[in-house]
Amino acid sequence: MNRDKYKELYLKTDPSFISRYGRAVTIPEDVHKQIRKIITLSEVKGLTISSYIANVLRQHLDEWEYEIKDLCNPSSINY
């Protein structure tokens, strides 16, 4: 993935997303520091840790949609 594609997918703001209306999650301190550094260096106005994490998770869920559905299918569970 090149730099422009990364910025398009992850370094964007969503005016409809307000983090105080979301749910709190705990992330490891080292991950928090890395994300904070990415956001600071990106210089994208309005980009927050919460919006970055939401962008990453949305992309992950889109990319792995079929595999996730398969994993969540009760008939695919082996007991």
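The values are calculated or read from the model by the stated rules, or taken from the named source; none is laboratory data. Since this is a predicted model, take the numbers as computed values, not measurements. Note that each Cβ is placed from the backbone with ideal geometry, even for glycine, and that neighbours are counted across all protein chains shown. Surface areas here come from the heavy atoms of the whole protein model, side chains and all, with no ligands, DNA or RNA. Shrake-Rupley method; radii C 1.70, N 1.55, O 1.52, S 1.80 Å.
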Notebook entry, point to check: Could we say that Ser75 is assigned to a helix (DSSP H, G or I) and surrounded by 12 or more Cβ atoms within 10 Å (Cβ to Cβ) here?
Noted result: no
Checklist line | Counted residues, region 1-24 - those being farther than 18 Å from Glu63 by Cα, hydrophobic (A, V, I, L, M, F, W, C) and in contact (Cβ under 8 Å) with a residue 24 or more places away in the chain | finding: 1
Next item on the list: Quick one: count up the residues across region 45-72 that are closer than 19 Å to Thr13 by Cβ, outside any helix (DSSP H, G or I) and open to solvent by 100 Å² or more (accessible area, probe 1.4 Å).
Entry: 1
Checklist line | Residue that is surrounded by the fewest Cβ atoms within 10 Å (Cβ to Cβ), among those in region 9-25 that are charged (D, E, K, R) and closer than 19 Å to Ile39 by Cα | finding: Arg20
Item checked: Hits in region 26-44 - residues which are open to solvent by less than 100 Å² (accessible area, probe 1.4 Å), farther than 20 Å from Leu61 by Cα and of a type in the set (A, V, I, L, M) -> Ile38, Ile39, Val44
Next item on the list: Report yes if some residue within region 22-44 is within 22 Å of Met1 (Cα to Cα) and not in a helix (DSSP H, G or I); otherwise report no.
Entry: yes
